[in-house]
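The values are calculated or read from the model by the stated rules, or taken from the named source; none is laboratory data. Quantities reported herein were computed from a predicted structural model and do not represent experimental measurements. A quick note on method: Cβ atoms are made from the backbone with ideal geometry, for glycine too, and the neighbour counts reach across all protein chains shown. These accessible areas exclude ligands, DNA and RNA; they are computed on the full protein's heavy atoms, side chains included. Shrake-Rupley method; radii C 1.70, N 1.55, O 1.52, S 1.80 Å.
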Amino acid sequence: MAEENVWLVAGLGNPGPGYAGNRHNVGQMALDELADQVGARFSRHRTTTMLAEGRLRPGGPKLVLIKPMSYMNTSGGPVSSAAQYFGIPPERTIVMHDDLDLPFETIRLKADGGHGGQNGVRDVIKALGTPQFLRVRIGIGRPPGRQDPADYVLKDFAAAERSRLSIVLGDAADAVQDVIDDGLTAAQQRWHAPRA
(Lines give C-alpha, C1' and ligand atoms only; values in the text may rest on other atoms or scores of the structure.)
Protein backbone atom coordinates (compact mmCIF):
# COMPACT_ATOMS: atom_id res chain seq x y z
CA MET A 1 0.00 0.00 0.00
CA ALA A 2 1.29 3.48 -0.87
CA GLU A 3 2.18 5.78 2.00
CA GLU A 4 -0.40 8.47 2.67
CA ASN A 5 1.83 11.16 4.16
CA VAL A 6 4.17 11.83 1.24
CA TRP A 7 4.95 15.35 0.07
CA LEU A 8 6.56 16.56 -3.15
CA VAL A 9 8.77 19.63 -2.68
CA ALA A 10 10.16 21.24 -5.84
CA GLY A 11 12.86 23.91 -5.91
CA LEU A 12 12.72 25.95 -9.11
CA GLY A 13 15.76 27.30 -10.91
CA ASN A 14 17.97 26.79 -13.95
CA PRO A 15 20.30 23.80 -14.35
CA GLY A 16 24.08 23.91 -14.40
CA PRO A 17 26.82 25.57 -12.36
CA GLY A 18 26.63 28.84 -14.33
CA TYR A 19 23.21 29.55 -12.82
CA ALA A 20 23.73 28.05 -9.37
CA GLY A 21 24.24 31.35 -7.50
CA ASN A 22 21.63 33.38 -9.40
CA ARG A 23 18.69 35.01 -7.61
CA HIS A 24 16.42 32.96 -9.91
CA ASN A 25 17.83 29.79 -8.32
CA VAL A 26 16.98 30.64 -4.71
CA GLY A 27 14.24 27.98 -4.76
CA GLN A 28 16.83 25.30 -5.50
CA MET A 29 19.21 26.74 -2.90
CA ALA A 30 16.44 26.51 -0.30
CA LEU A 31 15.70 22.94 -1.38
CA ASP A 32 19.39 22.07 -0.83
CA GLU A 33 19.06 23.47 2.70
CA LEU A 34 15.95 21.33 3.32
CA ALA A 35 17.75 18.26 1.95
CA ASP A 36 20.65 18.92 4.37
CA GLN A 37 18.20 19.21 7.27
CA VAL A 38 16.64 15.81 6.53
CA GLY A 39 19.89 14.11 5.45
CA ALA A 40 18.78 13.49 1.86
CA ARG A 41 21.15 13.24 -1.15
CA PHE A 42 20.24 14.17 -4.72
CA SER A 43 20.71 11.86 -7.70
CA ARG A 44 19.37 11.79 -11.25
CA HIS A 45 15.89 10.33 -11.64
CA ARG A 46 13.87 9.14 -14.63
CA THR A 47 11.44 12.06 -14.10
CA THR A 48 14.07 14.48 -15.54
CA THR A 49 14.86 15.75 -12.07
CA MET A 50 17.57 15.62 -9.49
CA LEU A 51 15.71 13.82 -6.72
CA ALA A 52 16.25 13.10 -3.05
CA GLU A 53 14.05 11.32 -0.52
CA GLY A 54 13.98 11.77 3.23
CA ARG A 55 11.76 12.20 6.27
CA LEU A 56 11.13 15.27 8.39
CA ARG A 57 11.95 13.07 11.40
CA PRO A 58 12.05 9.31 12.08
CA GLY A 59 8.58 7.95 11.34
CA GLY A 60 7.46 11.38 10.14
CA PRO A 61 6.17 12.57 6.77
CA LYS A 62 8.14 11.39 3.74
CA LEU A 63 9.57 14.07 1.45
CA VAL A 64 10.34 13.70 -2.24
CA LEU A 65 12.61 16.65 -3.07
CA ILE A 66 13.12 17.54 -6.72
CA LYS A 67 15.08 20.00 -8.82
CA PRO A 68 13.86 20.01 -12.44
CA MET A 69 16.75 19.45 -14.85
CA SER A 70 15.04 21.79 -17.32
CA TYR A 71 15.13 25.56 -17.52
CA MET A 72 12.87 27.64 -15.28
CA ASN A 73 10.18 28.30 -17.88
CA THR A 74 9.78 24.54 -18.55
CA SER A 75 9.69 23.43 -14.89
CA GLY A 76 6.16 22.05 -15.16
CA GLY A 77 6.90 18.82 -17.02
CA PRO A 78 9.43 17.48 -14.48
CA VAL A 79 7.23 18.52 -11.52
CA SER A 80 4.16 16.87 -13.05
CA SER A 81 6.18 13.78 -13.98
CA ALA A 82 7.46 13.35 -10.42
CA ALA A 83 3.98 13.95 -8.97
CA GLN A 84 2.56 11.23 -11.21
CA TYR A 85 5.46 8.83 -10.59
CA PHE A 86 5.00 9.00 -6.82
CA GLY A 87 1.21 9.46 -6.88
CA ILE A 88 1.35 12.78 -5.02
CA PRO A 89 -1.65 15.11 -5.46
CA PRO A 90 -1.33 18.89 -6.00
CA GLU A 91 -2.49 19.67 -2.44
CA ARG A 92 0.65 17.86 -1.14
CA THR A 93 2.95 19.53 -3.67
CA ILE A 94 5.05 22.49 -2.51
CA VAL A 95 6.94 24.69 -4.98
CA MET A 96 9.77 26.91 -3.69
CA HIS A 97 10.58 29.85 -5.95
CA ASP A 98 12.01 33.36 -6.16
CA ASP A 99 9.64 36.32 -6.10
CA LEU A 100 10.52 39.80 -7.42
CA ASP A 101 7.51 41.37 -5.70
CA LEU A 102 8.73 40.52 -2.20
CA PRO A 103 11.63 42.30 -0.48
CA PHE A 104 14.80 40.28 0.09
CA GLU A 105 14.59 38.15 3.28
CA THR A 106 10.77 37.89 3.04
CA ILE A 107 9.06 34.47 3.00
CA ARG A 108 5.40 34.20 2.00
CA LEU A 109 3.23 31.08 1.76
CA LYS A 110 0.19 30.53 -0.39
CA ALA A 111 -1.93 27.95 -2.12
CA ASP A 112 -3.81 28.42 -5.35
CA GLY A 113 -3.88 31.73 -7.20
CA GLY A 114 -1.98 33.02 -10.18
CA HIS A 115 1.69 32.89 -11.12
CA GLY A 116 2.52 36.56 -10.52
CA GLY A 117 4.66 36.66 -13.65
CA GLN A 118 6.92 33.84 -12.40
CA ASN A 119 7.39 31.69 -15.52
CA GLY A 120 8.33 28.54 -13.63
CA VAL A 121 5.15 28.71 -11.56
CA ARG A 122 3.16 29.47 -14.71
CA ASP A 123 4.48 26.28 -16.32
CA VAL A 124 3.81 24.17 -13.20
CA ILE A 125 0.18 25.40 -13.15
CA LYS A 126 -0.14 24.43 -16.83
CA ALA A 127 1.47 21.00 -16.41
CA LEU A 128 -0.44 20.05 -13.25
CA GLY A 129 -3.67 21.38 -14.76
CA THR A 130 -4.44 23.29 -11.56
CA PRO A 131 -3.08 26.21 -9.54
CA GLN A 132 -4.06 24.42 -6.31
CA PHE A 133 -0.60 23.55 -5.03
CA LEU A 134 1.36 25.20 -2.24
CA ARG A 135 4.04 27.82 -2.83
CA VAL A 136 6.90 29.07 -0.71
CA ARG A 137 7.70 32.48 -2.19
CA ILE A 138 11.22 33.68 -1.41
CA GLY A 139 11.68 37.42 -1.82
CA ILE A 140 14.58 38.63 -3.96
CA GLY A 141 13.44 42.27 -4.24
CA ARG A 142 13.11 44.47 -7.28
CA PRO A 143 16.09 45.43 -9.45
CA PRO A 144 17.68 48.79 -8.71
CA GLY A 145 17.10 51.72 -11.04
CA ARG A 146 16.19 50.72 -14.57
CA GLN A 147 17.83 47.30 -14.60
CA ASP A 148 15.78 44.79 -16.59
CA PRO A 149 14.15 42.25 -14.23
CA ALA A 150 15.13 39.46 -16.66
CA ASP A 151 18.82 40.42 -16.22
CA TYR A 152 18.46 40.97 -12.47
CA VAL A 153 17.13 37.48 -11.71
CA LEU A 154 20.03 35.91 -13.64
CA LYS A 155 22.66 37.74 -11.57
CA ASP A 156 24.17 36.33 -8.39
CA PHE A 157 23.17 37.80 -5.05
CA ALA A 158 25.11 40.91 -4.05
CA ALA A 159 27.71 40.60 -1.28
CA ALA A 160 25.46 42.26 1.31
CA GLU A 161 22.68 39.82 0.42
CA ARG A 162 24.99 36.79 0.46
CA SER A 163 25.96 37.53 4.05
CA ARG A 164 22.32 36.98 5.07
CA LEU A 165 21.33 34.40 2.47
CA SER A 166 21.91 31.34 4.67
CA ILE A 167 19.33 32.68 7.13
CA VAL A 168 16.81 33.20 4.31
CA LEU A 169 17.36 29.66 3.00
CA GLY A 170 16.98 28.22 6.48
CA ASP A 171 13.75 30.19 6.93
CA ALA A 172 12.36 28.86 3.64
CA ALA A 173 13.21 25.26 4.61
CA ASP A 174 11.61 25.79 8.03
CA ALA A 175 8.50 27.21 6.35
CA VAL A 176 8.10 24.00 4.32
CA GLN A 177 8.27 21.96 7.51
CA ASP A 178 5.69 24.25 9.18
CA VAL A 179 3.28 23.84 6.25
CA ILE A 180 3.57 20.05 6.42
CA ASP A 181 3.38 19.79 10.21
CA ASP A 182 0.87 22.51 11.06
CA GLY A 183 -1.04 23.26 7.85
CA LEU A 184 -0.97 26.31 5.62
CA THR A 185 -3.01 28.67 7.80
CA ALA A 186 -0.92 28.17 10.93
CA ALA A 187 2.29 28.42 8.90
CA GLN A 188 1.08 31.66 7.30
CA GLN A 189 0.29 33.11 10.72
CA ARG A 190 3.89 32.43 11.76
CA TRP A 191 5.67 33.56 8.61
CA HIS A 192 3.45 36.50 7.64
CA ALA A 193 3.56 38.10 11.10
CA PRO A 194 5.83 41.14 11.50
CA ARG A 195 9.33 39.93 12.36
CA ALA A 196 10.57 40.97 15.80
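Partner aspartates and glutamates whose Cα lies under 16 Å from the Cα of Lys126, excluding those fewer than 8 positions away in the same chain, are identified as Glu91, Asp112. For the range 101-118 and the range 1-51, write down the distance between their C-alpha centroids in whole Å. Cα centroid to Cα centroid, the span is 19 Å. Measuring from a point 7 Å past the Cα of Asp181 along Cα-to-C-beta, which residues in the range 22-51 have an amide N at less than 14 Å? 37-38, by backbone N distance to the label point. Calculated mean residue ellipticity at 222 nm for the chain: -11000 deg cm²/dmol, from DSSP H runs with n ≥ 4 weighted as -39500 (n - 2.57), summed, divided by the residue count and rounded to 500. Once the 1.4 Å probe is applied to the protein heavy atoms, the chain comes out at 47 Å² accessible per residue. Under the simplified labelling scheme, the Lys110-Asp151 pair shows an inter-label distance of 2.8 nm, with each label point 7 Å from Cα along Cα→Cβ. Computed from the C-beta positions of Lys62 and Gln132 and an R0 of 25 Å, the FRET efficiency is 0.75 to the nearest 0.05.
In the set (i) 17.3; (ii) 16.5; (iii) 17.9, the label that goes with Kirkwood radius over Cα pairs in Å computed for this structure is (ii). Near the amide H of Lys110, within less than 5 Å, lie the amide hydrogens of Arg135, Arg137, all on another chain or at least 5 residues away, with H placed in the peptide plane.
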